[in-house]
Each structure stands twice: as structure tokens, then as C-alpha cells.
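Okay, so here's the structure we're looking at.
The values are calculated or read from the model by the stated rules, or taken from the named source; none is laboratory data. Just so we're clear, the structure is a prediction, and the values are computed from it rather than from any experiment. FYI the Cβ positions are ideal-geometry reconstructions off the backbone, even for glycines, and counts take in every protein chain you see.
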Amino acid sequence: MTCRDLIDVLDDYLDGRLERDEVAALERHLAECEACRAYLATYRKTRSLGARAGRVEMPDEMKTRLRRFLRERVG
Ligand SMILES: [Zn+2]
């Protein structure tokens with residue numbers, strides 16, 4: 001799994017919609033990738049803030065910014 005793959009399935013992961021082997025691959029990547037751990041922490045926080053405010057969508061701008069952050073960190 002690459003960082004991009006992880007970002008693509010992160011919503012499903014947090015919602016518990018991934019297959020078990022997909023979860024295993026994702027968590028294996030997380031264990032090795034500090035940038036994705038940081039991304040996941042931020043993403044989780046943003047989602048819970050959004051949920052409290054009655055919104056479920058993560059702002060596109062935030063996604064774009066985090067993707068750019070990851071690209072710079074990971075290449
Ligand atoms: Zn990564």
C-alpha cells in the first residue's frame with residue numbers, strides 16, 4: 001500500500017467498511033509511515049469536529065492541503 005492508497009481508503013477504514021486484509025495492509029503501512037500516522041490523526045480530529053458541528057464531509061480544501069503535505073514529506 002502506498003500513501004495515496006491509504007488516503008483513498010481512509011474514510012472506509014474509519015467507518016469500519018474495509019475488508020480485514022485491507023485493514024491489515026493499511027495498519028502495516030501506518031506502522032512504517034510517520035507521515036500517514038500524522039495524516040490519520042489530523043483526519044480523525046477533523047472528522048470528529050465536523051461531526052460535532054453537524055457536518056460529515058471533510059472540506060475539500062483540507063484534503064487537498066493534507067495531500068500536498070504528504071506528497072512533500074513522502075515524495
Ligand atoms: Zn504513508
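Summary table
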item: When residues of segment 48-75 are limited to those that are basic (K, R) and farther than 19 Å from D5 by Cβ, the one modelled with the highest pLDDT; result: R65
item: Any hit, segment 28-35, residues being in a loop (DSSP other than H, G, I, E, B) and either at pLDDT 90 or above or closer than 13 Å to L10 by Cα (or both); result: yes
item: Of the criteria (1) assigned to a helix (DSSP H, G or I); (2) aliphatic (A, V, I, L, M); (3) over 21 Å from R68 (Cα atoms), which one L18 fails; result: (1)
